[in-house]
Amino acid sequence: MNIPRLHHGVAATLALALATAPAALAHPSEDDPATAHFLANEAILVSAGETRILFDPLFSVSYGYPLVAPDVRAAIMAGTPPYDGVDAVFVSHVHGDHFDAGAVNAYLAAHPDVILVGPWQARLDMQAADGWNDAFEARIQALPFIASPQDLVLAADGVEGAIRVETVHIPHAGGPGRAGIQNMAHRVTLNGAATVMHLGDATPEPAIYETHSDHFAARTTQHAFPPYWLLGEWGGETTRQRLNADAATGIHIPIQQPDWLDASGEDFFTEAGEERGVHGHDDE
Ligand SMILES: [Zn+2]
Ligand SMILES: [Zn+2]
């Protein structure tokens, strides 16, 4: 009986602290936990209170992977729920199963408050695509193609620092032939509370993760969304250790699902509309 009482005491202290905390914590986190909502391939909507971000949402080429359903694509473009109030769109890399430069231009034109965060190559492609507008420049965080981690702090809904971005270049899977593609692993913390990681098509070669071990150690990710081949090649435990993540849900599942997925016991986003809570540990 002591433990529940202690727990309540801690909760009351926390509640007092929250009540006097600055505006950033006005975004609810306990009553309105962060969630990740799966669209298709590597497209995910992450919501935490009023803060909403999209990863790799606008792409038009299948390459054997599911496309975002036309009605979902239309809802994103129109900004109808749950795609209203999106604060930032993240691009991992410019392959056609992750990114459509013309569609992203159209999206930025339709949503003048949205920030785009992505590789420098994404802006280059957008500038060359239909619908480019020089006015987008001010809303694009084009990350240079460098090895070292890059940090950004973005405001959302008028709250300074609501979105904290820590991104590192992790080479694309597939070896030297893909070395020219700027694949970015974004670690994003929403409202100082919920940290997620999206890795694009990151290589399973372990050496690069060792090179960046300080980056991964610097902040625990509550929920990582690695390409499924990391879980396949490393297993869940090693994946979570390497990424310093409490939980991992694999993405980029082919239409023809590999047989080992089910047998692996790991977690994957396979069906559009699936959701996961973003929290450190299952307390139930
Ligand atoms: Zn790719
Ligand atoms: Zn891909």
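The values are calculated or read from the model by the stated rules, or taken from the named source; none is laboratory data. These numbers come from a predicted model, not from an experiment. Virtual Cβ from ideal backbone geometry, glycine too; neighbours counted across all protein chains shown. Just so you know, the surface numbers come from the protein's heavy atoms only, side chains and all, with ligands and any DNA or RNA stripped out. Shrake-Rupley method; radii C 1.70, N 1.55, O 1.52, S 1.80 Å.
Data overview
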| quantity | calculated |
| --- | --- |
| 5 angstrom amide H check on A245, placed H, neighbours 5+ away | T221 |
| Net charge dipole size for segment 199-284 [Lys, Arg +1 and Asp, Glu -1 on Cβ; Debye, nearest 20] | 320 |
| Of H212, H252, H198, the one that fluctuates the most in a GNM where the chain has Cα springs shorter than 10 Å | H212 |
| Euclidean distance between Cα centres, segment 181-215 to segment 218-284, Å | 14 |
| Overall form of segment 29-272 per C-alpha gyration tensor (a/c, 1.5; a/b vs b/c) | rounded |
| Solvent-accessible area, 1.4 Å probe, carbon plus sulfur percent, for the chain | 53 |
| Probe 1.4 Å, accessible area per residue of segment 138-284, Å² | 45 |
| Listed residues A78, A103, A202, most fluctuating in the chain (Gaussian network, C-alpha, under 10 Å) | A78 |
| Segment 29-272: relative contact order in percent, alpha carbon pairs under 8 Å with at least 6 residues between | 15 |
| Amide proton proximity set for G235, modelled H, under 5 Å, gap of 5+ | none |
| Semi-axis lengths (Å, descending) of the ellipsoid that matches the C-alpha gyration tensor of segment 133-284 | 25, 20, 16 |
| For F268, residues with placed amide H under 5 Å, excluding near neighbours | G250 |
| J(HN,Hα) series, segment 254-261, from Karplus relation 6.51 cos²θ - 1.76 cosθ + 1.60, nearest Hz, glycine and proline x | x, 4, 7, 5, x, 4, 6, 4 |
| Projected label distance in nm at Q257 and D71, using a 7 Å step from Cα toward the beta-carbon | 2.2 |
| Unit charges at the beta carbon, dipole of segment 29-272: most positive-side option, L143, T270, H215 | L143 |
| The chain: most fluctuating residue of S264, S92, S47 per GNM, C-alpha cutoff 10 Å | S264 |
| Whether segment 181-269 is rounded, prolate or oblate, judged on the alpha carbon gyration tensor where a/c under 1.5 counts as rounded | prolate |
| Under the span-like rule (Cα at least 18 Å along the axis, Kyte-Doolittle mean at least -0.5), DSSP H helices of the chain | 2-19 |
| Label-to-label distance, nm, for residues given as A155 and T238 (7 Å Cα→Cβ offset) | 4.6 |
| Between segment 50-79 and segment 107-161, the Cα center-to-center distance that results, in Å | 17 |
| Point-charge dipole on Cβ atoms (K/R +1, D/E -1) for segment 29-272, about Cα centre, debye to 20 | 480 |
| For segment 84-215: rounded, prolate or oblate by the Cα gyration tensor [a/c cutoff 1.5] | oblate |
| Rounded to whole Hz, the Karplus (6.51, -1.76, 1.60) HN-Hα couplings of segment 36-41, x for glycine and proline | 10, 10, 8, 9, 4, 6 |
